[in-house]
Each structure stands twice: as C-alpha cells, then as structure tokens.
Amino acid sequence: MEFYFSLPSTTSIKKFLVWFLFFGNLLGIVVLWLTNSSYYIQNPADGNILIALGRITGLLAEYFILVQLMLIGRVRWLEHLFGFDVLNKIHRWIGYSILSLLLTHPLLLTIGNAQANGVPLLSQFADFLANKKDVLNAFFALLIFIFIVVISIVIVRKKLRYETWYFTHLFTYLAIGLALTHQLGTGDLRSGWGLTYWYVLNFAVFGFVLLYRLIRPLYLFWRHRFFVEHIVEETPDTFSLYISGKNLDRFKFEAGQYANITILARGMWYTHPFSFSSAYNGAFLRFSIKSLGDYTSKIRELKPGTPIIIDGPLGLFVEKRATRDKFLFIAGGIGITPLRAMIESLTAQKKDMVLLCGSRTEKDIAFKDEFELFKQQSPSLTTHHILGTPTEGYESGFIDKEKIVRLVPDFYTREVFLCGPPPMMKIMVGHLNDLGFDAHHIHYEKFSF
C-alpha cells in the first residue's frame, strides 16, 4: 500500500494561524478569569458564582467586539484569506452573541452583588451607577450597542440606505471607548499580567483598524493621487468612472476584485464598495456604477479632476480560484461589472467562455459593444443576453434551468462565476444544484451587508 503526503498550502497554514490566534486568545481570557475570579468560583454561595459569571461575560463581550473590529476593519490580509462573504457572515452572528453577553454581564453582576450585600436589585443597580468606577460610561456604551444591533436589523430587513448603516456603525467606536474605560483597573483586570494582556490585545486591534481603515487608504492616495478623469454613460442609469493618477502601473489588482472608494466631493464622503469593471492595464482604473440611490445618482454629476481615495484591491472573486479551463459567467444587471473585467482578462488568454447576462431591456445591456470586440479577439467567447422584455433577436424571460441546459449544453464541464442581486444569485445556485452541478465549481460574492 502506498501513502501520499503533501504539504498544506500557504493559505491553509495562514487560516490555521488565524484560528489558532482566535482560540488561543479565547483560552487566555478563560485562564485570566479562572485566575483572578478564583475566590468567587471556589466559594459560589451568596451570589459569588453569579459575580464570577458576570465577569467572564464582560470579558468575552469585549473580546468579541474586538473580533468584530477586525472583521469590519478592512484588514486586507484577513479579507484575502476568507473573503468578504465569510467575514460578513461571521460578523453578523457574532453581533447577536455580543448583544446577549452585554445584557447578561450587568444582570449577573447586579443579582450576584445584591445577594452578597443583602440589598434589593434596584438599589444595587443604582449603587453601581452612582459609585462604581466608570459604570455609568459602561451603561451608555450598552445603550449604544443595543441601538446599533437593533438599527442594523431594521436597516437590513427594510433595505434602508447604505449611508444610514454606515453612519450608525461609527457609534461603535464611541461605545468601545466607553466600555474600555470601565473595564481597565476593575474586576479581573485590576493589575498584573491580565491588565497588561488586555492593553496589548486592545491596542493591537486598534492598531490594525487604524492602519487599514485610515493610514493605508491615505498612503495609497498620497502615492497615486487618484482623480476622476472622465465619465462615460454605459446605459441610461449606469455610468463608468474612469480614474487616473500617478504610477498606476504599481497599483495592481486581479479582474473580479473590488475596492472601497471615497469620492472627495460634497455630499459623497461615505465610503462605498465597487467592483473594477476593467482588467488591470497600468493606465487607468474603471468603476461602472448604477444609479440605485441618492449617492450613486450623483456619479454622473462628478467633474473631471475630483479626487478619490481608493482602498483596495479586495475580494476573492477571481479567476485563479478556478480549477477548470472553461468558464460560464452568469450576470444579473450591474453584476456584469466584475465579470466584464474577468472576461477581458481571459480573452487575452483565449479561454473558452460563455456569458449569460440578464437585463430588463436592450438599452439596459451594459458593455454590449465591448463584448462584441472581445468576441472578435477571441472566437471562443459566446454571449447570450436574456431580456425581461421580449425583443427580437434576444432570449427573453429569466435565466433558468432550461436556458442553462439549452444555451450551454456543456455547462457541467465549466467553472461558474455568478454576480448579481443576492436573490438572483440564490436562485442561480439552486438551479445549478438541481442540475447536479458540483458546488465546488460555483463562485460568487454576495457583496451585501
């Protein structure tokens, strides 16, 4: 019998180290708690065990908040390892656990201390607010966190403006500052190695967030001096933003990736994520943006020379993830943008590609002329535009199982890349699964919060 052994990939090793760091810190927090709350744990009567549990919930709440900061901190190496979708999913579920920990922490401490001191719950709670170090700050921090979680659920469910989501999350930093002043020098963090460890942990995370959310984007802006060169109308509601600057040949990215852009114009200072709609060329960058709200509707009004801060590239939606040499691209609406960049890149490599692109009407087809040019450069590219409105010369209706089988009979031998509205991508994945397609060869990023 022969045995084969292969070394783990660099990516696998990096992921292992990240998880090792996560669980290692979790273990360190438990050891810190067991050491400094040992009296309450060993003498559980008279509310002591509740006090001990209240302490650990506070420590865990702060730790998971720091994890949240790393998940949303645009930490490039972390995002390149796991991808936006995975980090966003973890971020969402940790958010719910943080809320339960934050609510449990003061409740357990209040009940435990009330039992230990023989006083009513309200009296004990009032004493905490009036006399305990920075507890009032922590109380306000708790209210802010509750507000952020609740408003986030409302924003997601009611599809409110991205700017509203962005602005409310800025309060997170205020809440963290208030909570941290309450923790340091109290409970399990009074002194010794535990206090030192907590300082190092917090400032390490704050350092990463400061580096990737502020310093790196400003450095890239200083280095490349990004600005709007000109704007091109692709469809009546989609406009391409051509970006120029210095040393753009040194700003490299892969087709399919995206960047967070901040347009330095009045009323547009919010940072938004957009996919590159052209492959790397060293001469210019291009983002093609559809008017879907107050922010994106102003794109067409931008003047040449407007400075832009670009933070990127980001994303794992790239061709190198493919393990097959033939491709099927399925796009819905403005989801065509990263796929257009990938098709441009693969056209130069003469790859076998099929594009299924769904649009409402003929005038809503973006990059139609560019795809015709790609087809001239590479005869192995086939495009099918499926329109919601019946139009002569085009497929009509929705991209469904029947069209996939009929238009791409060898689809099961191809690598599939999907991009479009989340509901559309969910339906497409369902269609492919129903057709028996191997899920390992389906790639997409939901690109939504």
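What to note about this one:
- Calculated FRET efficiency for the pair residue 250/residue 410, C-beta based, R₀ 41 Å, to 0.05: 0.55
- Taking the number of Cβ atoms within 10 Å of each Cβ as an exposure proxy, the fewest-first ranking of 427, 13 is 13, 427.
- Placing +1 on the Cβ of every Lys and Arg and -1 on the Cβ of every Asp and Glu, with no other charges, gives the stretch 319-443 a dipole of roughly 260 debye about its Cα centre.
- Neighbour cut-off at most 13 other Cβ (10 Å), DSSP loop, GluC sites (Glu not before Pro), the stretch 355-392: 392
- Label-point separation, residue 362 to residue 45 (7 Å along Cα→Cβ), nm: 8.8 nm
- Expected 222 nm ellipticity per residue - DSSP helices of 4 or more, -39500 (n - 2.57), all of the chain, to 500: -16500 deg cm²/dmol
- Distance between the stretch 94-112 and the stretch 390-449 - C-alpha centres, whole angstrom: 44 Å
- Label-point separation in nm, residue 232 to residue 400, each point 7 Å along Cα→Cβ: 3.6 nm
- Calculated FRET value between residue 18 and residue 203, using beta carbons and R₀ = 22 Å, to 0.05: 0.70
- Dipole moment magnitude, nearest 20 debye, the stretch 225-314 about Cα centre, only Lys, Arg, Asp, Glu C-beta charged: 280 debye
- Listed candidates [x] 147; [y] 201; [z] 306 - label of the one calculated as volume of the Cα convex hull per residue in Å³: [y]
- Applying 1/(1 + (r/R0)^6) with R0 = 45 Å to the Cβ-Cβ distance of residue 323 and residue 150 gives a FRET efficiency near 0.55.
- Inter-label distance for residue 90 and residue 218, nm, one decimal - labels placed 7 Å from Cα along Cα-to-Cβ: 2.8 nm
- Cβ charges +1 (Lys, Arg) and -1 (Asp, Glu), total dipole of the chain, debye: 760 debye
- Within the shell defined by Cβ-Cβ distances under 9 Å, the residues around residue 431 carry a net charge of -1, with Lys and Arg each +1 and Asp and Glu each -1.
- Residue list for the stretch 369-395, given a label point 7 angstrom along the Cα-to-Cβ vector of residue 350 and an amide N cut-off under 11 Å: 378-380
- Protection proxy ranking of 331-342, 409-420 - average other beta-carbon atoms within 10 Å, highest first: 331-342, 409-420
- Under 19 Å from the residue 173 label point (7 Å along Cα→beta-carbon), backbone N, the stretch 288-322: 309-312
- Helical segments meeting 30 Å axial Cα length and Kyte-Doolittle 1.6 threshold in the chain (DSSP H): 48-72, 135-158
No value in this document is a laboratory result; all are computed from the given coordinates. Since the structure is predicted, the reported quantities are computational estimates derived from the model, not experimental observations. Methodologically, a virtual Cβ is constructed for each residue, glycine included, from the backbone with ideal geometry; neighbour enumeration extends over all protein chains shown.
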